[in-house]
Amino acid sequence: MPNNSRTTVQANPVGGALHDAPKRNTSELTFLPFEDPVCTDDGSIFDLMSIVPYIKRFWKHPVTRALLDLEDLMPLTFHKNSDGEFRCFVLNKVFMEFTRIVAVKNVGNLLTDELFARNDLLTIQNPNAVDTKILGEIDHIKKGLKLEAEG
């Protein structure tokens, strides 16, 4: 089962660029907008309803091909503005392609008196790391791994 603590997402605006990387409002498995986002320690985001069957079949991370278990998934909480755009709930700024986005694992909410360490920060998007998560290098695309439709 996925980790029950919610991971809160916030922004850290910095310069940089992302080229040919999955958009941050989509699953890195289906490339469709997510409804119930979960992430892994490497910052990959998936929709819970698509990643669970994938893990049960392949037991691998669809991007890195490392072993992956359901317990490795961390639920994410994204906040939206009145226009439906994802935003930082602290700064109230919309996430852009040049926004550094981090989540705090195991805390669930940044507005708390619980302390967290630097290694509790999980990078979801780093515009300065342009060489990571290139679409053509994502493992499930390179190897053509697919779940067959049930029915």
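The values are calculated or read from the model by the stated rules, or taken from the named source; none is laboratory data. Computed from a prediction, not measured in an experiment: that's the story for all the values here. Positions of Cβ are generated from backbone atoms using ideal geometry, with glycine treated the same way; all protein chains shown enter the neighbour counts.
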Please find, among 99, 40, 77, the residue that is out of contact with any Gly (no Cβ under 9 Å at 6 or more places or on another chain), of a type outside the set (Gly, Ala, Ser) and closer than 30 Å to residue 146 by Cα. 40
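Filter the range 94-151 for residues that are basic (Lys, Arg) and surrounded by 15 or more Cβ atoms within 10 Å (Cβ to Cβ); which is modelled with the lowest pLDDT?
Looking only at the range 94-151, we keep the residues that are basic (Lys, Arg), and these are 100, 105, 118, 133, 142-143, 146.
Next cut, surrounded by 15 or more Cβ atoms within 10 Å (Cβ to Cβ) only: 100, 105, 133.
Working: 100: 87, 105: 80, 133: 55.
Restricting to residues being basic (Lys, Arg) and surrounded by 15 or more Cβ atoms within 10 Å (Cβ to Cβ), the top hit is 133.
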When residue 92 is run through (1) in contact (Cβ under 8 Å) with a residue 24 or more places away in the chain; (2) on the phi > 0 side of the Ramachandran plot, the failure sits at (1)
Given the condition under 15 Å from the mean Cα position of the chain (by Cα) and among the basic types (Lys, Arg), answer yes or no: does some residue in the range 96-111 qualify? yes
Just to be sure I understand, how many residues within the range 70-84 are loosely packed, with under 12 Cβ neighbours inside 10 Å and closer than 30 Å to residue 53 by Cβ? 2
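Can you tell me how many residues in the range 1-35 are at pLDDT 65 or above and loosely packed, with under 14 Cβ neighbours inside 10 Å?
Restricting attention to the range 1-35, the residues satisfying the condition of being at pLDDT 65 or above are 24-35.
Applying the additional criterion that residues be loosely packed, with under 14 Cβ neighbours inside 10 Å yields 31-33, 35.
Within the range 1-35, residues that are at pLDDT 65 or above and loosely packed, with under 14 Cβ neighbours inside 10 Å number 4.
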When the range 37-69 is checked residue by residue, the ones that are at pLDDT 95 or above, in a loop (DSSP other than H, G, I, E, B) and surrounded by fewer than 15 Cβ atoms within 10 Å (Cβ to Cβ) are 69
